[in-house]
1. Going by the conditions given, is residue 316 out of contact with any helix residue (DSSP H, G or I) (no Cβ under 8 Å at 6 or more places or on another chain), of a type outside the set (D, E, K, R) and not assigned by TED's automatic domain parsing to the domain that holds residue 99?
2. Give all pairs with beta carbons closer than 6 Å in which a residue from segment 14-28 that is not assigned by TED's automatic domain parsing to the domain that holds residue 178 and small (Gly, Ala, Ser) meets a residue that is assigned to a loop (DSSP other than H, G, I, E, B) and surrounded by 12 or more Cβ atoms within 10 Å (Cβ to Cβ); count only pairs at least 6 apart in sequence or on separate chains.
3. Of the numbered conditions (1) touching a Phe, Trp or Tyr at 6+ places or on another chain (Cβ under 6 Å); (2) under 24 Å from residue 81 (Cβ atoms); (3) surrounded by fewer than 21 Cβ atoms within 10 Å (Cβ to Cβ), residue 179 fails exactly one; give the number of that condition.
4. Only residues that are part of a helix (DSSP H, G or I) and of a type in the set (D, E, K, R): list them for segment 9-47, please.
5. Six or more apart or on different chains, Cβ atoms under 8 Å: show the pairs whose first residue is in segment 144-172 and at positive phi and surrounded by fewer than 20 Cβ atoms within 10 Å (Cβ to Cβ) and whose second is part of a helix (DSSP H, G or I) and of a type outside the set (Val, Ile, Thr).
6. Within segment 165-207, track down each residue that is outside any loop (DSSP other than H, G, I, E, B) and outside the structural domain of residue 122 (by TED's automatic domain parsing).
7. Output the number of the condition that residue 308 fails; it satisfies all remaining conditions of (1) surrounded by 14 or more Cβ atoms within 10 Å (Cβ to Cβ); (2) under 18 Å from residue 393 (Cα atoms); (3) not basic (Lys, Arg).
8. So which of 205, 222, 230 ends up being farther than 29 Å from residue 182 by Cα and either buried (at least 16 other Cβ atoms within 10 Å of the Cβ) or not aliphatic (A, V, I, L, M) (or both)?
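The values are calculated or read from the model by the stated rules, or taken from the named source; none is laboratory data. Worth saying up front: this structure is predicted, and the values here are computed from it rather than measured. Quick reminder, even Gly has a Cβ in these numbers, built from the backbone with ideal geometry, and neighbours come from all protein chains shown.
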Amino acid sequence: MNTKTKMFCGCDNDAFGKAPNVTVCPICMGHPGTLPVPNKEAVEKAVRASLAIRCAIQPSSHFDRKHYFYPDLPAGFQISQYDFPLAKAGLVEYDITDASGKITESRRCRITRLHMENDAGKLTHRGDRTLCDYNRAGTPLMEIVTEPDLTSSDDAVAFAQELRRILISVGASNADMFKGMMRFDASISLREKGTKKLNPRSEIKNLNSFKSLEKALQYEQKRLTKLWEKDGGPLKNDITVGWMDDEEKTRMLRDKETADDYRYFPEPDIPPMSFDPKWVEKLRASLPPLPREEKKKFSSLGLTEAEATQLNDDPTLRGLFDAVYAKTKDAKRASSLVITQLKGFLGAQNKPAEEGPDAKALLALVEAIDSGTISANAGKEVLELMVGTGKSPDAIITEKGMKQISDDSAIEALVDKAVAANPQAIESFRSGKVAALGAIVGWVMKESKGQANPGKVQEILHKKVK
């Protein structure tokens, strides 16, 4: 979750890229005598996420201790939730698309529960040594559990992608998989055609991308099919396997643990939580439109499926588009500025949208173009410099001397010079070659270093050569 501090202490929750073991304290390191205090921001974000996936917030929510002994868990137990989770019984709607991005079918996946817990640390294995970094220990997590409604790897990926969009849109998580902010445990089991019986399953660990989720499920489906054919039936009991990205295969880890293996018992240092229904409804009312609704809105504005998908997948771009569209009332123009131009310049400079111009800067650029301060072509150059330097459009226009010449008398003087310098083009125009005027307009633009208002140049030129 994208909170400022960890789940049960005041340590910085942004440990990515920092030196090992610098964002830790006695609480997240599990020192004896320390007392955990739930993070109010994390609880609120988890409630928002629960409401967005249509879960019912439970009247009483308890924290429990989940015991297992491993070097990345300094306390020897994880504070999680078991019998009394934060929320239950939700639903996520998602779309299946073809290779072109066109929606071919809409489906649903029921959500069993959403509960909160704290993360473990990170282990790095180097030969016969294991290095422990506890910066991540105590990070607030939401674990979302689905019902067995997904019937293929395509289903699983499409569902996970939509879930990610929802969590980002309500501000519960940045869900940056490169930074390990969203991870999957995928369970798969086979069954006889025509039956609804759920046979023992294989739970796949270590999935941190949509591609690994897809490949792991496809691999495990083939592996379990071969085992079925060999043994004459499904697995005898649940198992846990790990996905090895480099080798693109799974390896056996252990038989699946049960709740008894973890020796759950109520967390004695944190009292049960309950929520005022009015507060919950206030949070529900504050939720933004869900991504699928936003995508339909973009399509209704005339954007292509690809454009709608790009905006749907990137909340920063979506916010910029909304701001430009609100000002211009022109969806195509807003799309061109944000998706084609801005995204292109960001990609060329290897920057995420968050590091580019904000909405205020983009609207200032639009105003500069609409007021005639600069031309639309000059606007592209200014935008590229905005991405590269972080400066405002006004500052760049002033520094580069890009202000457009719109004064009639100044343009008239330039046109007079152009007519005098291009007698053959004038003669060709008067003999019926309309395209000949293009050479004169080009001459004026070159002479003015691109600063003359091309519309006014054409208007005055037509008057001069009639």
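1. No; evaluated as a whole, the condition is false for this residue.
2. Filtered contacts from segment 14-28: 15/23; 15/135; 15/136.
3. Of the numbered conditions (1) touching a Phe, Trp or Tyr at 6+ places or on another chain (Cβ under 6 Å); (2) under 24 Å from residue 81 (Cβ atoms); (3) surrounded by fewer than 21 Cβ atoms within 10 Å (Cβ to Cβ), the odd one out for residue 179 is (2).
4. 40, 41, 44, 45
5. 171/45; 171/48
6. Within segment 165-207, the subset outside any loop (DSSP other than H, G, I, E, B) is 165-169, 177-179, 184-188, 202-207.
Within segment 165-207, 202, 203, 204, 205, 206, 207 qualify.
7. Condition (2) is where residue 308 drops out.
8. Result of the check over 205, 222, 230: 230.
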